[in-house]
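Participant: Dropping the structure in here first, questions after.
The values are calculated or read from the model by the stated rules, or taken from the named source; none is laboratory data. Quick caveat, the model's predicted, so the values are computed rather than measured. Here Cβ is always computed from backbone atoms with ideal geometry, including for glycine, and neighbour counts include all displayed protein chains. Remember, those area values only see protein heavy atoms, side chains included, never the ligands or the DNA or RNA. Shrake-Rupley method; radii C 1.70, N 1.55, O 1.52, S 1.80 Å.
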There are 2 protein chains.
Amino acid sequence: MKLSDGVEWGVHACVLLAVLPTDAALPAARLAEYHGVPSAYLAKHLQALARAGVLETVKGPRGGYRLSRPPAEITVLDVVEAIDGDEPAFRCTEIRRRGPSAVPAREYRLPCGIHRVFSRADEAWRAELTATSIADLTVGVVNEAPRVAMEKAARWLDEAVR
Amino acid sequence: MKLSDGVEWGVHACVLLAVLPTDAALPAARLAEYHGVPSAYLAKHLQALARAGVLETVKGPRGGYRLSRPPAEITVLDVVEAIDGDEPAFRCTEIRRRGPSAVPAREYRLPCGIHRVFSRADEAWRAELTATSIADLTVGVVNEAPRVAMEKAARWLDEAVR
């Protein structure tokens with residue numbers, strides 16, 4: 001079971017966009033440069049985030065991507081689902097209804113117990129990712145990042161949104 | 001993010017093996033017949049379960065697979081990890097250390113906050129799958145399966161382990 005690499009990139013990009021000055025935006029190429037990832041691949045994930053309503057695009061010479069709403073209102077799960085989809089990790093194919101013990105589908109009154117345990121696990125996973133917002137992550141980065149890294153980031157951002 | 005189909009098959013196979021008479025075993029072909037799944041694919045997953053110590057093989061004309069320990073001592077997570085591996089869903093590639101804000105690796109004292117939120121989600125998912133054993137699932141199936149399905153299963157099993 002594996003999340004796509006785009007999830008890591010997408011969450012990092014949202015954290016950077018969370019510290020932009022009001023009304024500023026960053027193009028995909030600049031976001032890729034900051035994170036040291038391939039621009040074409042990142043662009044695909046940014047488009048998915050825009051389609052999902054997490055990001056919005058700003059047109060014009062200083063245009064690009066910005067968050068579509070306050071970072072406290074964007075959960076980590078919002079970013080995950082925008083990039084990796086919202087299908088549960090376990091897909092029940094109802095194999096209890098096959099083979100020599102099968103009876104008509106209407107006879108099975110409850111969802112399969114095996115399906116249910118995976119649904120509970122899925123809910124627990126989603127609950128953790130819902131409990132953390134992009135704002136929470138941003139506060140964490142600002143508090144924990146090495147001082148020199150923060151200074152370098154601030155200089156880069158100043159220049160990038162000028 | 002998706003678990004392999006083999007996880008569903010493997011958990012169902014373990015539940016069936018949990019109700020075998022003591023010392024009985026079922027060959028891969030019989031387990032595949034009962035679950036209505038392709039024998040060659042199921043065999044691959046049964047081998048993985050045996051390598052992980054969840055199942056053991058019994059040689060001879062009435063040989064096949066059986067659980068290697070009591071079903072109360074086999075968690076759903078044991079089966080998942082045997083078939084799908086134990087890698088976490090999120091792989092942190094430390095992209096915070098790339099690009100214009102990067103500083104030497106030793107300067108980052110804590111794991112990346114983005115990595116940490118996914119680790120918490122992963123732990124919550126694993127905790128749910130650890131809390132349910134093959135014995136729990138077997139009790140659920142016996143209590144909830146349609147009566148006619150249980151009778152058909154019992155007849156098939158009687159014949160299969162004769």
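Participant: Residue by residue through the stretch A:35-79, note down the ones that are out of contact with any Asp or Glu (no Cβ under 6 Å at 6 or more places or on another chain), more than 24 Å from B:Met1 (Cα to Cα), of a type in the set (Ser, Thr, Tyr) and open to solvent by 30 Å² or more (accessible area, probe 1.4 Å).
Facilitator: If the condition is that a residue be out of contact with any Asp or Glu (no Cβ under 6 Å at 6 or more places or on another chain), more than 24 Å from B:Met1 (Cα to Cα), of a type in the set (Ser, Thr, Tyr) and open to solvent by 30 Å² or more (accessible area, probe 1.4 Å), then A:Thr57 is the only one that fits.
Participant: Could you give every pair whose Cβ atoms fall below 6 Å, whose first residue belongs to the stretch A:32-58 and is in contact (Cβ under 8 Å) with a residue 40 or more places away in the chain, and whose second residue is charged (D, E, K, R) and open to solvent by less than 60 Å² (accessible area, probe 1.4 Å), counting only separations of at least 6 or pairs across chains?
Facilitator: These pairs meet every condition: A:Val54/A:Asp78.
Participant: Hey, among the residues in the stretch B:111-134 that are touching a residue at least 40 places away in the same chain (Cβ under 8 Å) and crowded, with 16+ Cβ neighbours inside 10 Å, which one's nearest to B:Ala24 (Cα to Cα)?
Facilitator: Among those residues, the one meeting the criterion is B:Ile134.
Participant: For the structure I just gave you, tell me whether B:Phe118 is of a type outside the set (A, V, I, L, M), touching a Phe, Trp or Tyr at 6+ places or on another chain (Cβ under 9 Å) and modelled with pLDDT of 95 or more.
Facilitator: yes
Participant: Exactly one of (1) farther than 30 Å from A:Gly36 by Cβ; (2) touching a residue at least 12 places away in the same chain (Cβ under 8 Å); (3) at the interface with chain A (Cβ under 9 Å from one of its Cβ atoms); (4) over 14 Å from the mean Cα position of the chain (by Cα) is unmet by B:Tyr108. Its number?
Facilitator: Only one criterion is unmet by B:Tyr108, namely (1).
Participant: Would the stretch B:8-16 turn up any residue that is under 14 Å from B:Val161 (Cβ atoms) and at pLDDT 95 or above?
Facilitator: Within the stretch B:8-16, one or more residues are under 14 Å from B:Val161 (Cβ atoms) and at pLDDT 95 or above.
Participant: Looking only at the stretch A:89-105, which residues are more than 7 Å from chain B (Cβ to nearest Cβ) and open to solvent by 60 Å² or more (accessible area, probe 1.4 Å)?
Facilitator: A:Arg91, A:Arg97, A:Pro104
Participant: Filter the stretch B:111-135 down to the residues that are more than 7 Å from every other protein chain (Cβ to nearest Cβ), touching an Asp or Glu at 6+ places or on another chain (Cβ under 8 Å) and among the β-branched types (Val, Ile, Thr) and list them by number.
Facilitator: Answer for the stretch B:111-135, where residues must be more than 7 Å from every other protein chain (Cβ to nearest Cβ), touching an Asp or Glu at 6+ places or on another chain (Cβ under 8 Å) and among the β-branched types (Val, Ile, Thr): there is none.
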